[in-house]
Amino acid sequence: MTDSWELGDYQISTDRSRLNLDLIHDFLSHKTYWATGRSLEVVERSIENSLPFGIYQGSEQVGFARVVTDYATFAWIADVFVLPEHRGRGLSKWLMEVILEHPRLQGFRRWVLSTKDAHGVYERFGFSKLHRPNRWMERPDPNMKESPDYWKK
């Protein structure tokens, strides 16, 4: 089942067949601080196991996000981006509205995301710093092929 929303000449769709995997991989692997070096195979697998949202202008993909979820209690918003030439048009805000209002993504106990520089954007949607960060733990894989900046000392 796919869903779609329209705003002017833009569309958001959950249709996996529309996703431009090469564009998503290139952007994540070469133009982000969180997914530098991510392989195409990992990008494909991450999308297969998430609910993806593509932003399109006509047939051209101009943005992306995915939600990792159990569809019952928890959702993590990941890999959010809008191509630079399409920024400043409210697309990221619209994308967040669509994601948070999606009918299959309701009633969760917790939504999370990670950001280095967009706290203000996400605060508008009710996100805040972890309430009890001392309860959260993480484990980096020592064999990870990516080089995101948050694991660097």
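The values are calculated or read from the model by the stated rules, or taken from the named source; none is laboratory data. Small disclaimer: the values here were computed from a predicted structure and weren't measured. Cβ: placed from backbone, ideal geometry, glycine included. Neighbour counts: every protein chain shown. For the accessible areas, the whole protein counts, side chains as well, though only heavy atoms, and no ligand, DNA or RNA atoms are used. Shrake-Rupley method; radii C 1.70, N 1.55, O 1.52, S 1.80 Å.
Computed over the chain, the per-residue total of -39500 (n - 2.57) for DSSP H runs of n ≥ 4 gives a 222 nm mean residue ellipticity of -6500 deg cm²/dmol, rounded to 500. Taking the protein heavy atoms of the chain in the context of the full set of protein chains, the accessible area attributed to carbon and sulfur is 49 percent at 1.4 Å. Qualifying trypsin sites (Lys or Arg not before Pro) in region 13-121, where qualification requires a DSSP coil assignment and no more than 13 other C-beta atoms within 10 Å, comprise ARG87, ARG109, LYS116.
Relative to one another, the C-alpha centroids of region 36-56 and region 104-147 are positioned 18 Å apart.
Each Lys and Arg adds +1 at its Cβ and each Asp and Glu adds -1 at its Cβ; summed about the Cα centre, the chain shows a dipole of about 800 debye.
In the full protein context, the chain carries 63 Å² of accessible surface per residue, based on a 1.4 Å probe and ignoring ligands, DNA and RNA.
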